[in-house]
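Notes for the one structure printed next.
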Amino acid sequence: MYLPLAMKKRIGIDELQPGMYVEQLDRSWLNTPFFRRKMTVAPAAQIAQIKACGVRTLVVSMGRRS
């Protein structure tokens, strides 16, 4: 499903919350332990994993939550 650019927002890693749908990271997904290019953040521990990979900013879909 295509979402207009207005529905997507670049946020800092400290703004990421469980339930948000991640569209894009500020680095290659190949440099992370995640298997999917896009994902819904589930537990808070997953946010810690994303931070540990060095991610500082990411793009989330504002209209899509789990």
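Here the 3J(HN,Hα) profile of region 7-19, calculated from phi with Karplus coefficients 6.51, -1.76 and 1.60 at θ = phi - 60°, is 7, 10, 9, 7, 10, x, 4, 6, 8, 5, 10, x, x Hz, Gly and Pro shown as x. Taking every alpha-carbon pair under 8 Å whose residues sit at least 6 apart, the chain reaches a relative contact order of 52 percent.
Distance between the 7 Å Cα→Cβ label points at Ser28 and Ala45: 2.8 nm.
For the chain, the calculated P(r), taken from all Cα-Cα distances in 10 Å bins from zero up to the bin holding the longest distance, is 21, 61, 18 percent.
Distances between placed amide hydrogens fall under 5 Å for Glu23 paired with Val59, Val60, Ser61, all partners being 5 or more residues away or on another chain.
Bear in mind that the values in this text are calculations on the coordinates, not laboratory data. What you are looking at is a predicted structure, and each value in this text was computed from that prediction instead of being measured. Every residue, glycine among them, receives a Cβ derived from its backbone with ideal geometry; neighbour counts consider all protein chains shown.
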